[in-house]
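Worksheet for the structure shown next.
The numbers here are math on the coordinates, done by the rules we state, and not lab data. What you see is a predicted model; the values in this text were computed from it and never measured. Cβ coordinates were reconstructed from backbone atoms using ideal geometry, including for glycine residues, and neighbour counts include every protein chain displayed.
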Amino acid sequence: MRWDLITNDGIQTAQGDRPADSDSKLSRGHPEMAIDVQGGEFNFSFYRLTGGRSDGVDCLEIDTGAIRVLVVPTRGMSLWKAWSKQGQLGWQSPVEGPVHPSLVPIYDPNGLGWLEGFDELMVRCGLQSNGAPDFGAKGELQFPLHGRIGNLPAHRLSIVVDKAAGTLDVIGSVIETRFHIQSLKLDAHYRFHVNKTIIDCTDTVTNRRSQPASMQMLYHINLGSPILEAGAKVVAALDEIAPRNPHAAKDIDHWDTYNGPTPGYTERVYFARPLTDTRGWTTTVLHNADRTRAVAVRFDTHSLPYLNLWKNTVAIEDGYVTGIEPATGFPNPRSFEDQQGRLVGLAGGQSKSFTWQIESLENSAAIGKAINEVQSLQRSECKVHREPKTGWSS
C-alpha cells in the first residue's frame with residue numbers, strides 16, 4: 001500500500017514490510033521516520049506483515065511520546081492496540097491477529113464469520129448493517145454479524161503533520177460497494193497530539209450513488225485487563241438503560257460493575273441513551289478497582305445517540321473483555337432497527353460525520369477529573385428498565 005506524508009516541507013511517498021511474528025507486532029523496533037513538532041516529536045513506522053493469517057496486512061504505528069497506537073488500514077482503518085506508559089490498551093482475544101480480511105468468512109451461512117478476525121481495540125461495525133445477523137424468510141443470510149466495513153481495506157492513506165499545532169493526522173478511505181445495491185465511502189480521520197494520550201476520530205460516510213441509501217455505525221471499543229478486573233466499574237451519564245435480553249436482566253442491578261475472569265460466563269449486553277453537555281457530547285469512563293488506571297470514551301450524540309455496553313468477563317484465555325460502544329442504534333438485526341426508525345438516511349451524494357475520542361487516563365487526578373465530568377452530566381436520575389424495553393430489543 002502506498003502512503004503519503006504531508007508536512008510543511010512537502011510530500012513523501014513510501015512503503016515497507018515487516019515479518020508477522022509476535023515480537024514485530026508488540027515491539028516498536030526502529031521508527032521509519034521521526035518528525036520534530038512544537039512541544040515534542042512524533043515517531044511512526046509503516047510496514048506490511050508477512051506470514052500466517054496476518055500475511056499482507058498493512059500497519060501504521062504512531063508514537064506521540066505518551067501513547068503508541070497501531071492503525072490497521074487493511075482492516076477498515078481499525079485500531080489494533082495501543083500502549084501508554086502504564087501498559088497496553090485493548091484485550092487478549094483468542095483470535096491472534098490482525099487477521100487479513102481475505103481469511104475472515106463474513107458470509108459464513110450462520111452469519112458469525114466476522115468473529116474469526118475480531119481482536120481489535122476499536123473496530124467499526126457497519127456500514128450497511130452493524131448488529132446481529134439478519135436472515136430472510138427462507139433462512140438465507142442477508143446481513144452478517146457487524147457488517148463488512150471492518151474487513152475491507154483502505155485504498156489510500158495520508159499522514160498530515162502540523163508542526164506548529166503539534167498534531168499528526170491519519171486519513172484513510174474505505175469503500176463498501178455492491179453494484180446495483182449500494183456504494184458507501186468511509187473517510188476515516190484520526191488526530192494524534194504530541195505527548196498526549198488522546199486519540200480523536202472524525203469519520204465521514206458518503207453515499208456515492210444518485211439514489212437514497214441507509215446506513216448504520218457502531219464503534220466496538222474493547223478493553224480488557226489490566227484495566228478490566230474484579231471490581232472495575234464503568235461510569236456513564238444515562239437517561240435510561242435496559243438489558244438486551246432476560247439473561248442480562250437478571251444482573252441489571254450490577255450493570256456498571258465487573259467480575260474477574262470467570263470461566264463459563266455468558267455475555268451480558270445493556271442498551272442505553274446517554275445524557276449530554278450543552279454541545280451534545282457525553283463521556284463514559286472505565287476504571288479499575290482502585291482507580292489507578294482508566295480510559296475515557298467521549299462522543300458526539302448528534303450522530304451517535306446511543307451507547308451499548310458489552311460485558312464478557314469470561315476466562316482470560318477465552319477473551320476477557322468489555323465493550324463501550326457508541327452507535328447510531330442498537331446491535332439488533334438491521335430489519336428490526338429499520339422498523340424502529342434507527343437507520344441513518346443519506347440522500348444521493350449526501351455525507352454524515354461521526355466524532356468520538358479515546359483518552360488513556362494515566363493518574364488519579366486525571367481519572368477523578370473525568371469521573372467528575374461524567375457526574376456533572378447526570379442531572380436527573382437514570383431510568384433503569386428491569387426487563388428488555390419494547391422497541392429496543394429485537
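The table below gives the values:
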{"item": "Positive dipole terminus of the range 178-253, leading residue within V194, A237, I252 (C-beta point charges)", "result": "V194"}
{"item": "Where chymotrypsin sites (Phe, Trp or Tyr not before Pro) in DSSP loops with at most 14 other Cβ within 10 Å are excluded, longest remaining stretch of the chain", "result": "180-394"}
{"item": "Helical contribution to [θ] at 222 nm, DSSP H n ≥ 4, -39,500 (n - 2.57), averaged over the chain, rounded to 500", "result": "-2000 deg cm²/dmol"}
{"item": "Label-point gap, in nm, between D4 and A230 - each point 7 angstrom along Cα→Cβ", "result": "5.4"}
{"item": "Two-decimal Rg to Rh for the range 208-318 - Kirkwood Rh, Cα set", "result": "1.03"}
{"item": "Distance from the range 305-347 to the range 77-91 (C-alpha centre basis), Å", "result": "21"}
{"item": "Total formal charge among the other residues, if their Cβ is under 11 angstrom from that of R148, Lys/Arg +1 and Asp/Glu -1", "result": "+1"}
{"item": "Cβ-defined net charge surrounding R178, 15 Å radius [Lys, Arg +1; Asp, Glu -1]", "result": "+4"}
{"item": "Sorted largest first, extent of the range 3-384 alpha carbons per principal axis (Å)", "result": "56, 54, 42"}
{"item": "Within the chain: Cβ-based charge dipole about Cα centre, in debye rounded to nearest 20 (Lys, Arg +1; Asp, Glu -1)", "result": "760"}
{"item": "Extension gain, K85 back to A289 (0.36 nm per residue minus Cα-Cα distance, nm)", "result": "71.5 nm"}
{"item": "Of D63, D134, D162, the one that fluctuates the most in a GNM where the chain has Cα springs shorter than 10 Å", "result": "D162"}
{"item": "Computed over the range 188-282: relative contact order in percent, which uses C-alpha pairs under 8 Å that are six or more apart", "result": "24"}
{"item": "Calculated FRET efficiency for the pair T262/Q339, C-beta based, R₀ 25 Å, to 0.05", "result": "0.10"}
{"item": "Of the trypsin sites (Lys or Arg not before Pro) in the range 281-312, those whose Cβ has at most 14 other Cβ within 10 Å and which sit in DSSP loop", "result": "none"}
{"item": "Percentage relative contact order, the chain, counting C-alpha pairs under 8 Å, at least six apart", "result": "16"}
{"item": "FRET efficiency estimate (nearest 0.05) - Cβ-Cβ, A164 to E32, R0 25 angstrom", "result": "0.60"}
